[in-house]
1. How far is helix 40-52 tilted off the main Cα axis of the chain, in degrees rounded to 10, range 0 to 90?
2. In Å and from the alpha-carbon atoms only, list the Rg and Dmax of the chain.
3. When 170, 141 are ordered from fewest to most other Cβ atoms inside 10 Å of their Cβ, what list results?
4. Pick out, in residue order, every one of the trypsin sites (Lys or Arg not before Pro) in segment 27-78 that is DSSP loop and has at most 13 other C-beta atoms within 10 Å; say none if there are none.
5. Amide H neighbours of residue 184 under 5 Å, at least 5 residues apart or on other chains, H built in the peptide plane: list them.
6. log₁₀ I(q)/I(0) of segment 3-71 at q = 0.12, 0.24 Å⁻¹, via Debye over equal Cα point scatterers, no solvent, to two decimals?
7. Summing +1 for each Lys or Arg and -1 for each Asp or Glu, what net charge is found among the other residues whose Cβ lies under 13 Å from the Cβ of residue 25?
8. Given only helices, namely DSSP H runs of n ≥ 4 each adding -39500 (n - 2.57), what is the per-residue ellipticity at 222 nm of the chain, to the nearest 500 deg cm²/dmol?
Amino acid sequence: MSRSQTRRGVLEGAFGLLAALQRIQEAGLTRLAAHSGLPKGTAHRLLEQLISVGAVERSSGRYRLGPQVFVLGRHWQPYPGLHTVAAGPVRQLALDTSATVAICALSGGATLMTAVVPGEADRIVPLRAGAITGWPTAAGKLLIAHRQQEPAPFRYSSTEWTREADTIRKRGLAFDHEGFMPGLYCVAAPLRSPDGEAIASLSALTLSPRTLAALGAAVARTAAVISADLRCADPVR
C-alpha cells in the first residue's frame, strides 16, 4: 500500500469515528469500533490522536466530540462571506413575516440548515443552525432542481420529479405543504454565487398556508438582495 493510500485510510478512519460520535453522541471503545467498522486497536489509536488535537474528549472511558469540532464547524458556510452578507436581510425577513428563516445547503443525502433566525415554526419544532432534514422540504427540492439531480426516493416518480423540478426552476421558488412536518409550510428561493450558481437556499417556514404566496414573494426579494450583495462583496474575485 502506498503512503498516500495509508494517509487516506487513516483520514477515513478518523472521520468514521467522528461520524459515529455525531450519531451516538457518547460511547465506549467497543461500541465506537463497531459503529465505525474499525478494529478496536485502530479505533483506540485514532481516538487518542483525535483527543490530542481536541476533536474528541474522553471521560470515564467514554468518548464524545471535542470542542475543536465545534470551533471548526461553526465557521463553515456554503460560500465564503455568505453568512455575513445575509445576516441583516435574514433578520429583517424574519421580523417582517414572523416566519422562521433559514439558509440551507445540501449535505450528502440531507438538507443542512447553516443559519437560522427563529420564528413561528418554533411552536411546532425548534430549528437551529446545524439541524438536518431529509429531501422533501422546499429547500431540498429547490437545490436539487437547480443542480438538475435526481433526488433520493421519497414520494416522486421520475416523471413527477422532472415536472416539478422544471416548475421550480421556472418559478424560482419551491413550496412544501406539510411534507417536512404536519402543520408546517415552507417556501425557498435560491441564493446565487457571483457566477450564478445556486449555492444555497433561503427558506421561510410558517404555520399558515394562506400566507405562503405573500411569503414566497418576500423570500424571493430577500434572496435577490443577498445574491446581489454577495456579488459586490465577493471575496473570491
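1. Approximately 70 degrees, to the nearest 10.
2. When restricted to the Cα atoms of the chain, Rg and Dmax are 20.3, 61 Å.
3. By the 10 Å Cβ count, ascending: 170, 141.
4. 74
5. 178
6. -0.26, -1.03
7. Net local charge, residue 25 excluded: +2.
8. My calculation for the chain gives -15000 deg cm²/dmol from helical runs alone.
We did not get these values from a lab; they are worked out from the coordinates using the rules stated. On a predicted model such as this, the values are computed, not experimentally measured, just so you know. When we count neighbours, we look across all protein chains shown, and the Cβ atoms used for this are built from the backbone with ideal geometry, even at glycine.
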